[in-house]
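The block underneath contains the structure these notes are about, expressed in structure tokens.
The values are calculated or read from the model by the stated rules, or taken from the named source; none is laboratory data. Since the structure is predicted, the reported quantities are computational estimates derived from the model, not experimental observations. Counting neighbours? That spans all protein chains shown, and the Cβs are built from the backbone with ideal geometry, glycine included. The area values use the complete protein model at the heavy-atom level, side chains included, leaving out ligands, DNA and RNA. Shrake-Rupley method; radii C 1.70, N 1.55, O 1.52, S 1.80 Å.
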Amino acid sequence: MSNILEIKNLCVSFASDGVKERAMAVSGVSLAVPEGKTVGLVGESGCGKSVTSLSVMGLLSDNGRVESGEALFGGQDLLRLSDREMRRIRGNRISMIFQEPMTSLNPVITVGKQVSEALRLHGGMDAKAAKARTIEIFEKVGIPEAERRFKSYPHQLSGGLRQRVMIGMAMVMRPALLIADEPTTALDVSIEAQILRLMRDLQRDTGTSILLITHNLGVVAEMCDEVYVMYAGEVVERANVTTLFDTCAHPYTRGLMASLPRMTPKGQRLYNIRGTVPNLRAMPSGCRFSPRCEFATEMCRGEKPELNDLGGGHLCRCFYPKDDERPLGGIDR
Amino acid sequence: MSELLRAEHLVKEFPVEGGVVHAVSDISFAIQEGETLGLVGESGCGKSTLGKLVLDLIPLTSGKVFFDGRDLSTLRGEALRTLRRGMQMIFQDPYASLDPRMSVGRIIMEPLNAHRIGANRAERADMVRALMEQVGLRPEFYSRYPHQFSGGQRQRIGIARALALNPRLIICDEPVSALDVSIQAQILNLLGDLQRQRGLTYLFISHDLNVVRYLSDRVMVMFLGQLCEMAPTEALYAAPRHPYTRFLLDAVPQPDPSRRDEERALLTGEVSSPVNPPSGCRFRLRCPFADERCAGEKPELKDLGDGHFCACHHPLES
């Protein structure tokens, strides 16, 4: 199977006021999204997962800069395209949806107009055809009273409906790739379930590949075929979804899984990863997770582990990937 | 176990343009000393408002709150101040609830100053350092400011401040919702430890059903200002009786890919407005079992046995 998107060795840095040194938000990330699949990019705040996707879309803020790497999409390197070329791809062959649809919708234009505009711009339809198609799309993404909603302004819709509008807009051109950055994080659980189902149904109909960025392991389990786990700007593990949930190997991934309050009975302490994520300007030497890792040795503190294949494409950046002799202890703080 | 808090027929209505928001409509419950009572519901259901009513942070439209057997509405002045020391709150957003211009030491000391606890400043500073230690903050950080701390550490500051007056009841309003999962586990463990060490009672408000399950002895489910169900935690999760609870539990994406293809019933429609809530059962517009009775007659919270209460004309089989 071929890959719709291949990111190779992406490095992204940020400048901030009053600090000379640039912070490395993404350090050598490689990932591939196979055609028709959903790939999850998981990690905690600040791990670089959103920066990775924004770089690919050419949407980094002014203080961000791609230092090196490639993002191959249909034979083109997206990182080398001009703004004009990128605009033609964005919203057409690659679409993106974000956590808070309110920030990506124009508050003074009706949602119907915003969606039909995309159709006129990218699809070359006239106003009448675009309107009819927009209403069709609204119905498809489950917006009740689609005709009436066409004339609604974003603030007149609930968060769930706004996200449906965004998804409708994103799917208008049947993009080859949809990048979804925490699409359900701001939504209530009953609405989240509806939106996740909608994304899966649309994928089944259109064959769109999805890069799903989330911190929620429940959403990963529900949606993804393959998963990349990021920590402090690097990919630390990659596996298919079943392998990841059954036998994850990196101590960070294991810690994340163990700290979920799933079936832990009351009174029994939850596992927690001690400490906090490192400062991007003061990365620990050796393995970036070593200061928080209960298995870390001298070697981990001095030498940098590579992303090794444990077999079958299960990649792990650790000198001591899981073996059963090493149960998690659960050290506090 | 004795009863620490009793809420009787709490009602809160906010007048707005074009009507009245029925934020909390006739809710009654009690919490035993040392117990954790979970409160779950989706945004806008009134769960945070309910927490604030219990603490008397906003005035009740009607109803009564008893703390340690005493009716809060009958107390005035010093007697009320003393009683309220026993009830504190931890908020969701540790960024918004800490004054950025105050050092951590001063933030935690403020309730001690307000209630004139400790003989002098030095004694209060010692108490603050002890509190910091207890919540896992290094006492050397006394003079630092909130922005110098991470989200998890800030939540620890909020917890230390809540503990300063040695309360018996703490209302935790989404205390881990803004935190990453590894940090969330640290704070949940801390809340558990503090409860064991100090015999604390919690009203734990959250939209996260997994978190509530882990921490609570009993759980209440709220929908549009009303209680749907209240039961011991395991009974509620294993065999919910209210259709809304069932939908809510089914909707949570579980971290288990093998369950992905399970047929799950999804709630349809949008949340109704608390300004003009439906007549009868407020859930009926989204409920597949609703009939005429549900439209005409408001279901009362009934005891189905073993402490399992449900407000539904057609409760699910257990």
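Summary of computed values
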| item | result |
| --- | --- |
| Net charge over other residues, Cβ less than 14 angstrom from the Cβ of A:D83 (K, R count +1; D, E count -1) | +3 |
| Chain A: angle of helix A:189-206 to the longest principal axis, Cα-based, in degrees nearest 10 | 70 |
| Dipole-positive endmost among B:V65, B:S43, B:A23 within the range B:1-108 (Cβ charges, Cα centre) | B:V65 |
| Distant-in-sequence amide H partners of B:G38 (H built 1.01 Å from N, under 5 Å) | B:F204, B:D217, B:R218, B:V219, B:M220 |
| For the range A:284-298, 3J(HN,Hα) per residue [Karplus equation, 6.51 cos²θ - 1.76 cosθ + 1.60, θ = phi - 60°, Hz, x = Gly/Pro] | x, 6, x, 6, 5, 8, 4, x, 9, 8, 7, 9, 5, 10, 3 |
| Peptides ranked, highest mean first, by Cβ atoms within 10 Å: ranges B:188-199, B:238-249 | B:238-249, B:188-199 |
| Partner aspartates and glutamates for B:K64 [C-alpha distance under 18 Å; skip if fewer than 8 residues away on the same chain] | B:E3, B:E8, B:E13, B:D26, B:D56 |
| Flagged links, alpha-carbon separation over 30 Å, of A:K49/B:K52; B:K12/B:K302; A:K266/B:K298; A:K113/B:K47; A:K140/B:K12; A:K266/A:K322 | A:K49/B:K52; A:K266/B:K298; A:K113/B:K47; A:K140/B:K12 |
| Whole-number percent relative contact order across chain B, with pairs defined as alpha carbons under 8 Å at least 6 apart | 21 |
| Estimated Rh, the range B:48-145: Kirkwood, alpha-carbon pairs, angstrom | 15.5 |
| Under-5 Å amide H pairs with B:Q32, H placed in peptide plane, nonlocal only | B:L4 |
| For the range B:198-245 and the range A:1-73, distance of Cα centres in Å | 40 |
| Shielding by other protein chains, B:255-264, mean Cβ within 10 Å | 5 |
| Per-residue mean of C-beta atoms belonging to partner chains within 10 Å, peptide B:246-253 | 5 |
| For the range B:15-166: accessible area per residue (Å², 1.4 Å) | 45 |
| Relative contact order of chain A, pairs being alpha-carbon contacts under 8 Å that are 6 or more residues apart, as % | 19 |
| Principal semi-axes in Å for the range A:3-230 [√(5λ), Cα gyration tensor, largest first] | 29, 19, 18 |
| Solvent-accessible heavy-atom area per residue, rounded to whole Å², over the range A:232-330 at 1.4 Å | 46 |
| Rg/Rh for the range B:1-69, where both radii come from Cα atoms and Rh is the Kirkwood radius | 1.00 |
| Threshold 20 Å² - residues in the range A:213-242 whose accessible area is reduced by that much or more when the chain is no longer isolated, probe 1.4 Å | A:H215, A:G218, A:A221, A:E222 |
| Rounded tilt (10° steps) of A:111-123 against the dominant C-alpha axis of chain A | 90 |
| Derived scalar couplings ³J(HN,Hα) [the range B:232-239; Karplus, 6.51 cos²θ - 1.76 cosθ + 1.60; whole Hz; x for Gly, Pro] | x, 3, 5, 4, 5, 6, 7, 9 |
| In sequence order, calculated HN-Hα J values of the range A:137-148 (Karplus, 6.51, -1.76, 1.60; Hz; x Gly/Pro) | 5, 4, 5, 5, 8, x, 8, x, 6, 4, 5, 6 |
| For the range B:170-318: relative contact order, % (alpha-carbon pairs under 8 angstrom, 6 or more apart) | 21 |
| Residue of A:P107, A:P34, A:P175 that the Gaussian network model of chain A assigns the largest fluctuation, springs spanning Cα pairs under 10 Å | A:P107 |
| Amide H contacts of B:V275 (H built 1.01 Å from N, under 5 Å, at least 5 apart or other chain) | B:H22 |
| Rounded, prolate or oblate (a/c below 1.5 giving rounded, otherwise prolate when a/b exceeds b/c) for the protein assembly as shown by Cα gyration tensor | oblate |
| Where GluC sites (Glu not before Pro) fall in DSSP loop in the range A:235-333, at most 12 other Cβ within 10 Å | A:E306, A:E325 |
| Rg/Rh ratio calculated on Cα atoms of chain B (Kirkwood radius) | 0.99 |
| Loss of accessible area when B meets A, both sides summed, Å² nearest 100, probe 1.4 Å | 3700 |
| Shape category assigned to the range A:232-330 from the gyration tensor of Cα positions, a/c cut at 1.5 | oblate |
| GNM top mover of A:G75, A:G207, A:G112 - chain A, alpha-carbon springs below 10 Å | A:G75 |
| Within a Gaussian network of chain A (alpha carbon springs, distance under 10 Å), most fluctuating of A:P144, A:P265, A:P321 | A:P265 |
